[in-house]
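Enquirer: Okay, handing you the structure first.
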Amino acid sequence: MTATLGKDLVGLEHLTPEQIRLILDTAEPFKEVSERPIKKVPALRGKTIVNLFFEASTRTRISFEFAEKRLSADTVNVAATGSSVSKGETLVDTAKNLEAMRIDMVVIRHPSSGAAEFLGQRIRSNVVNAGDGKHEHPTQALLDLLTIRDKHGRIEGLKVCLVGDVLHSRVARSNIWGLTKLGAQVGVCGPYTLMPRGIEELGVKFFPRIEDAIEWADVLNVLRLQLERMEKGFIPSLREYYRVWGVTPERLERSPRPVTIMHPGPMNRGVEIDSRVADGPHSVILDQVTNGVAVRMAVLYLLAGGRPELADAAKRGAE
Amino acid sequence: MTGALLLQGGRVIDPSRGLDQVADLLVVDGKITAVGAGIAAPAGSEVRNVAGKIVAPGLVDVHVHMREPGNEDEETVASGARAAVAGGFTAVCAMPNTDPVTDNQAAVGFIVRQSVRAGLARVYPIGAVSVGQRGEKLAEFGEMVGAGAVAVSDDGRPVASSHLMRTALEYARTFGIPVADHCEDPTLAAGGVMHEGLVASRLGLKGIPAAAEEIMVGRNCLLAGLTGGHVHLCHMSTRGSVELIRRAKAQGIRVTAEVTPHHLTLTDHACEGYDTHAKMNPPLREAADVAALRAALKEGVIDCIASDHAPHAYDEKEAAFDDAPFGIVGLETAFAVAHTELVLGGVLTPPALIGRMSTEPAKIFHLPGGTLAVGAPADVVVLDPAAQWTVEPATFRSKSHNTPFAGRTLTGRVLLTLVAGKTVHDVGAPKTL
């Protein structure tokens, strides 16, 4: 085996390009599993996985759960509300209790940056980061990469612009690492109030205006604008945000080339993205969702020690 | 005559008198009775050969959190005083952000009594600026000073109201005490957990911009100029603050400032890997800030080093970065960190370091100590500038072990600490006090 992922998947910042390509390549054979009448392979049979969600999530949790079930793992979902977590139990105690139940993997989402790394350092089980605070959301970026590769046949040399609330976005951070490592040019666009300090030092081009970003980009990855950003004073109103930074057909028409449209969801139609764009011919938003299951299957399979060259065989149950 | 002790042949450094020479120092009845060459040991006195060692006035720390009353599991006046003497400190000032807040004469008197009962380092209480540290109503400075307070501060939080700060500076003038402020604009710093910069952007942690400190440094200097009061700026962390202080001092404004050993030696990169032992407020800044702070300390723009010793229980720091409390312990590493990084690093001479850790802090807070003058109380420390040791938090006298310096090998060790002539820490003794 040439490249492995190690014990945990905490983020893309510390992965090599080879490791990222390994995940994407391993996801390819798993795509087909979800197209079958019987969507199940025995690759993780007998493994127990806990989905530990300290933050509300629908699509990421369901996507992970499908990935786990289609690999035949046994899964348990723990949501923060109503569990011991909401009764003041610390993250350490939650982790140690799970460990004591002899589980194999934990998929964690947590509102604090660094929570996945913290957990990974303290338990023997594999840890997969399903989003930690404003830090990283590696499987989202991996499914974005896979979707871009499917659409354009390559990632290297493409111009990909992340639009919107980069400051609070773990999706943006993971995308920046993944895209730059695979040779794409990365842009960011949005109000100055929603840009992290020093972002350009990460090798990213900043566009204050959406018109310039659209003219430059091959791909726009439009980030969700949380409504609380307005309440906290980062922007004056959603109406103005749409007028200044909204991705609209009128703006896209002026682009010299067709621009691929992505969104990690859930969308605020009419705020960061116009419905006609989200539902338009260049939108790959639902392909992202489909690829999410395959990418997560690949991550779980590789962390469990699965051999990438056998992924194709594994899906036939011949391992 | 009782308890005579002759320290023979050490490098005696006394910045209060510009003294730096190989000499003997004699302590009799708790006082320094002679400093010079070839002092004869009085009959029955203990004689210690301290050749190659530094004999200096006991170190003084104007910024320590003792956690008593309220969080005695983390530190008490006694355990903090024990940590202090192990670190060479003979006098420390206890911040009032206790529970309940040290904001009245009875509470101040309690700290003094606990200090006397411990009989180790002298612990001087700092009273609160405002009742309950709520930032609304002035606490009773006069009564607190009468009970033993040496300064006032709402440290732990800033004095947010400029009007309250103005009033505090004016009112404190009567009693001749400094108003020590934790300089932070609360609206800019809200929710921040580390320095705002590239590292925070990468880690996805909310930053505290340098401007949050500098705005309040500027405000405090202006208000000290307006009122003629003495403002003391706690734990300075940014190069911008240094420039503001420099300018205020040039204008003759009564401003003094302190800096911690960690802000002189570490940057925001220490937060990598979400190490909660690098989480403190103000946060660790950038290399350019560290360089400016070092230069300012050398020049005297910043007057002294203070540890901001902030004990926390181990399990509180065992948390996600956002959820961990701010602060680290420092009493037992302050001298060695400063000696290793600043003296061996070529920033300060040994006498300059002793000045910044003893004579100057004593002077700006009007405390006894910081001198080896004949007749002064024998608050003395003997330091081995060559001894190397590795920081092992488990061996700390402090009840808390939260330090980013764990595992570091440092050069410079505290061998002997005397408070009023009494041996309160002695590495040579079979068992330390």
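Enquirer: Report the antiparallel proportion of the DSSP beta bridges in region B:106-256 as a percent, rounded to a multiple of 5.
Expert: Restricted to region B:106-256, the bridges split so that about 10 percent are antiparallel.
Enquirer: Need the list of lysines near A:Lys40 for cross-linking: C-alpha distance under 21 angstrom, and skip anything on the same chain fewer than eight residues off.
Expert: Straight-distance partners of A:Lys40: A:Lys31, A:Lys69, A:Lys315.
Enquirer: ³J(HN,Hα) across region B:14-27 via Karplus (A = 6.51, B = -1.76, C = 1.60, θ = phi - 60°), whole Hz, x for Gly/Pro?
Expert: Calculated HN-Hα couplings, in order: 9, x, 5, 10, x, 9, 8, 7, 6, 7, 9, 9, 10, 10 Hz.
Enquirer: Could you tell me the distance between the Cα centroids of region B:47-64 and region B:171-188, to the nearest Å?
Expert: 31 Å
Enquirer: Continuing with the same structure: What is the distance in Å between the Cα centroid of region A:92-108 and that of region B:117-154?
Expert: After rounding, the separation between the Cα centres reads 47 Å.
Enquirer: Next up: How many angstrom lie between the Cα centre of region B:302-317 and the Cα centre of region A:119-138?
Expert: 30 Å
Enquirer: Still on this structure: Please give me the summed charge of the neighbours of A:Thr26: other residues whose Cβ is under 10 Å from its Cβ, Lys and Arg +1, Asp and Glu -1.
Expert: -2
Enquirer: Related question: Near the amide H of B:Asp20, under 5 Å away, which other amide H atoms are found, from residues 5 or more places off or on another chain, if H is placed in the peptide plane?
Expert: B:Asp14
Enquirer: Next up: Of the listed pairs A:Lys7/A:Lys47; B:Lys206/B:Lys399; A:Lys232/B:Lys206; A:Lys205/B:Lys279, which have alpha-carbon separations greater than 24 Å here?
Expert: B:Lys206/B:Lys399; A:Lys205/B:Lys279
Enquirer: Counting other Cβ atoms within 10 Å, keep those with at most 14, restrict to DSSP loop, and tell me which trypsin sites (Lys or Arg not before Pro) in region A:83-161 are left.
Expert: Answer by residue number: A:Arg102, A:Arg124, A:Arg154.
Enquirer: Hey, what did region A:1-144 get for relative contact order, percent, Cα under 8 Å, at least 6 apart?
Expert: Values: 214 pairs, mean separation 39.0, N = 144.
Result for region A:1-144 is 27 percent.
Enquirer: At q = 0.13, 0.17, 0.18 Å⁻¹, what base-10 log of I(q)/I(0) does the Debye formula yield for region A:208-309 when every alpha carbon is treated as an equal point scatterer in vacuo?
Expert: With no solvent term, the Cα-only Debye profile gives -0.56, -0.80, -0.86.
Enquirer: Could you bin all the Cα-Cα distances of the protein assembly as shown into 20 Å bins starting at 0 and give me the percent of pairs in each, rounded to whole numbers?
Expert: The distribution over the protein assembly as shown is 16, 40, 29, 14, 2, 0, given as percents.
Enquirer: Given the options A:Glu228, A:Glu309, A:Glu136, state which has the largest fluctuation in a GNM of chain A using a 10 Å cut-off (strictly under) for Cα springs.
Expert: Between A:Glu228, A:Glu309, A:Glu136, it is A:Glu228 that shows the largest mean-square fluctuation.
Enquirer: B:His195's amide H: which non-local residues (gap 5+, or another chain) put their own amide H closer than 5 Å, with H modeled 1.01 Å from N in plane and none for Pro or chain starts?
Expert: Result for B:His195 returns B:Ile208, B:Leu284.
Quick note: the coordinates plus some simple rules give every number you see, no bench work behind them. In this text the structure is predicted, and so the values were computed from the model without any measurement. Positions of Cβ are backbone-derived with ideal geometry, glycine not excepted, and every protein chain shown enters the neighbour counts.
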